[in-house]
Ligand code: IFM
């Protein structure tokens, strides 16, 4: 597949202070172990510099438990004739930052004019994709007249945290071989993050660097002075490693010998090869629409960068590795929006994501128990061990500054169905049933038990209801019979029944264990009954399905009318007194999400009517919304209407500027669910590829500006080249 690599560059020309925050997300680098925000090397915590670590959390006082940020090992602020070369202090004459997302390398070039002398700083950096503890950087500085260049490069340990500071003490070490190291300990003295870096400078003078420890500024720096002539360059190469108390592999040995220009070049070549291989499996070629091609592949770049390939049981937080927003927690975003990309391009990662849920079953059992239920109620915001990090007060009222009681943790019971749905997709797409004996069977049984516990039967009546829940639309709390929740619960019962029928395929010893643990026969009866009698809201005369009981009785006003009622732009729309709560205006796709999952059960007329009804009433206040509308629009045979929603989803991070606040809580960062949703739009929507009766089927719906789609997928272990043109899709094993 030929790729137009020019289209795979994200460029920022000229320095604009107001873009610092967004660029941190747009130029993000990552390797699943760490995410390095796309900030400049002279930036500090005010510019939201962060090296965000996966799967290691800490809590300070009463504030939210959040993932740790490591000390910034990419800091540098050189000086020329005693003037700092920093965009924060001098407006650069020329400035560009380029992310080559085909190669996964971030480049920067700035020219500063210091007393009439043009001084140029060029750098490039990339995280190691094989040894995920490492990151590599090269920096070259020159000037068009002679002058004194001072190098200051090292570790900045004044760390940006939302709810920190997390490190209560630091241990520093200065090697005699060009390395420095700093180990930050949290209040639990056994927990630490260790950052070590080695740096070599290369210049005609070949002068060794000294080390400066500036305790006040919290900088541990390599330092050197070079009197350079016009055109002469001073370069430095560095490698840094991050290692934490959570790691079980060996810590990389970093010393002056770990880095040299030759080693750097070797690593860079290996890095480019790594990415070329990834793209070979996953790039999406969109003929006729370069902007769409760029946006969707950029989204995939992000997903590749945050995939936990270094573990066999780990998931992806809702804001990826772009920072501490949403507490670094894992939401339903993973199974419902992100998973499909990995299922079809790198099933091993999909397995790792699913395994995380299997391994956190204990947390889900405990959570259900704490509410008086049997079974598995997964964490709405899952951290280590399945601990639910979701607070009872998720939003701060902008007027009173008081925390507002929200019920996301207690009432978004649909979370457990997402886990079962993820597992079901894993089985259907990979054909790999090995997880069944590795805890998947128990996971599905426990989720089904949980939903059977939620069923309520009226004395007069023979159907079951699920009451007092929050559906995907979080603006309407504590409703009864949410269509999405009930239909997904039914799916859990049917999946549990399907797996019970597969019990014989599990090897004997495990099967024995399972039979001892569960009364499978009794469960089968319960699930059959539940699945038959669970009330699923149906389309009324108008063809529209009520999102929940009483939804149509709410005030029917437009999204703009509701927005017009806001007294403060940051005001929260939901909760008890939110402007949307008593209206039909919803935050994000809810009925529409459900219909896009179960489209085959409804007529085209019903799909169309619901799409039209809910589209007008949706704020799209969540980045999870647009892709579901795009999917349903395709299923309604309206691909041209699907297209803008797809572009919204695919562009969430390339454009930036999304919603940054929920009440007074900062929610900025990158949007993996939106990125994954964009992939789903291409795969399931435009190419129309889905699994039916164990086989791949395709029913393409290309919007008018897309001439042709081309990409590779893996289905049941076989790789296919998919080509879609007009109404035709072709799969060729490749
Ligand atoms: O999971 C979502 C939720 O549906 C809407 N609020 C943000 C969460 C994290 O993306």
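The values are calculated or read from the model by the stated rules, or taken from the named source; none is laboratory data. Only a predicted model underlies this, so the values are computations on that prediction, with no experimental measurement involved. All Cβ positions, even for glycine, are placed from backbone atoms using ideal geometry, and neighbour counts span all protein chains on display.
Could you tell me whether residue 648 is in contact with a helix residue (DSSP H, G or I) (Cβ under 8 Å, 6 or more places away or on another chain), surrounded by fewer than 24 Cβ atoms within 10 Å (Cβ to Cβ), at pLDDT 95 or above and not in a helix (DSSP H, G or I)?
Values: in contact with a helix residue (DSSP H, G or I) (Cβ under 8 Å, 6 or more places away or on another chain): yes; surrounded by fewer than 24 Cβ atoms within 10 Å (Cβ to Cβ): yes; at pLDDT 95 or above: yes; not in a helix (DSSP H, G or I): no.
Judged against the criteria, residue 648 is not a match.
For region 339-441, the helices (runs of 4 or more DSSP H) that sit wholly inside it and include 1 or more residues that are under 17 Å from residue 716 (Cβ atoms) are 339-345, 347-359, 414-430.
Of everything listed in (1) in contact with a strand residue (DSSP E or B) (Cβ under 8 Å, 6 or more places away or on another chain); (2) under 29 Å from residue 580 (Cβ atoms), the single unmet condition for residue 429 is (2). Filtered by the rule that a residue be within 16 Å of the ligand (Cβ to nearest atom) and assigned to a strand (DSSP E or B), region 442-482 gives 469, 479. When residue 659 is tested against (1) within 13 Å of the ligand (Cβ to nearest atom); (2) free of Cβ contacts under 8 Å to residues at least 40 places away in the same chain; (3) in contact with a strand residue (DSSP E or B) (Cβ under 9 Å, 6 or more places away or on another chain), exactly one condition is not met: (3).
Residue 164 fulfils the conditions (1) in a strand (DSSP E or B); (2) within 34 Å of the chain's Cα centre (by Cα); (3) modelled with pLDDT under 95 except for a single criterion, (1). Summed over region 325-337, residues that are farther than 12 Å from residue 384 by Cα and either at pLDDT 95 or above or under 10 Å from the mean Cα position of the chain (by Cα) (or both) total 7.
The set of residues in region 303-331 that are under 17 Å from residue 679 (Cα atoms), more than 12 Å from the ligand (Cβ to nearest atom) and touching a strand residue (DSSP E or B) at 6+ places or on another chain (Cβ under 8 Å) comprises 305, 306. Comparison of 505, 485 shows that the only residue that is within 16 Å of the ligand (Cβ to nearest atom) and touching a helix residue (DSSP H, G or I) at 6+ places or on another chain (Cβ under 8 Å) is 485. Checked against (1) closer than 19 Å to residue 423 by Cα; (2) touching a helix residue (DSSP H, G or I) at 6+ places or on another chain (Cβ under 8 Å), residue 520 passes all but condition (1). Among residues of region 282-304 that are surrounded by fewer than 21 Cβ atoms within 10 Å (Cβ to Cβ), those with a beta-carbon under 6 Å from a residue that is assigned to a strand (DSSP E or B) at least six positions away or on a different chain give the pairs 285/710; 287/708. Within the set 230, 250, the sole residue that is in contact (Cβ under 8 Å) with a residue 12 or more places away in the chain and farther than 18 Å from residue 41 by Cβ turns out to be 230. Take the conditions within 13 Å of the ligand (Cβ to nearest atom) and under 28 Å from residue 724 (Cα atoms) and apply them to residue 334. Does it pass? It is true that residue 334 is within 13 Å of the ligand (Cβ to nearest atom) and under 28 Å from residue 724 (Cα atoms).
State whether one or more residues within region 559-567 are in contact with a helix residue (DSSP H, G or I) (Cβ under 6 Å, 6 or more places away or on another chain) and either modelled with pLDDT of 95 or more or part of a helix (DSSP H, G or I) (or both). No; the residues of region 559-567 include none that is in contact with a helix residue (DSSP H, G or I) (Cβ under 6 Å, 6 or more places away or on another chain) and either modelled with pLDDT of 95 or more or part of a helix (DSSP H, G or I) (or both).
Look at region 320-334: where a residue is more than 14 Å from residue 382 (Cα to Cα) and a partner is within 10 Å of the ligand (Cβ to nearest atom), sitting 6+ places away or on another chain with Cβ atoms under 6 Å, you get 322/669; 323/669. Within region 598-630, the set of residues being within 16 Å of the ligand (Cβ to nearest atom), surrounded by fewer than 22 Cβ atoms within 10 Å (Cβ to Cβ) and either more than 26 Å from the chain's Cα centre (by Cα) or over 25 Å from residue 340 (Cα atoms) (or both) comprises just one member, 619. If we keep just the residues of region 665-699 that are away from the ligand (no atom under 16 Å from the Cβ) and part of a loop (DSSP other than H, G, I, E, B), which is surrounded by the most Cβ atoms within 10 Å (Cβ to Cβ)? For region 665-699, the residue satisfying everything is 687.
Any chance region 106-117 includes a residue that's in contact with a strand residue (DSSP E or B) (Cβ under 7 Å, 6 or more places away or on another chain), modelled with pLDDT of 95 or more, crowded, with 17+ Cβ neighbours inside 10 Å and farther than 23 Å from residue 237 by Cβ? Scanning region 106-117 turns up at least one residue that is in contact with a strand residue (DSSP E or B) (Cβ under 7 Å, 6 or more places away or on another chain), modelled with pLDDT of 95 or more, crowded, with 17+ Cβ neighbours inside 10 Å and farther than 23 Å from residue 237 by Cβ. Would you check if residue 552 is part of a helix (DSSP H, G or I) and under 21 Å from residue 606 (Cα atoms)? So residue 552 passes the test. Figure legend. Inter-residue proximity from region 626-637: first residues in contact (Cβ under 8 Å) with a residue 24 or more places away in the chain, second residues crowded, with 24+ Cβ neighbours inside 10 Å and not in a helix (DSSP H, G or I), beta-carbon distance below 6 Å, spacing 6+ or different chains. Indicated pairs: 628/589; 629/589.
Tell me whether region 48-70 contains one or more residues that are buried (at least 24 other Cβ atoms within 10 Å of the Cβ) and part of a loop (DSSP other than H, G, I, E, B). The answer is yes, given that some residue of region 48-70 is buried (at least 24 other Cβ atoms within 10 Å of the Cβ) and part of a loop (DSSP other than H, G, I, E, B).
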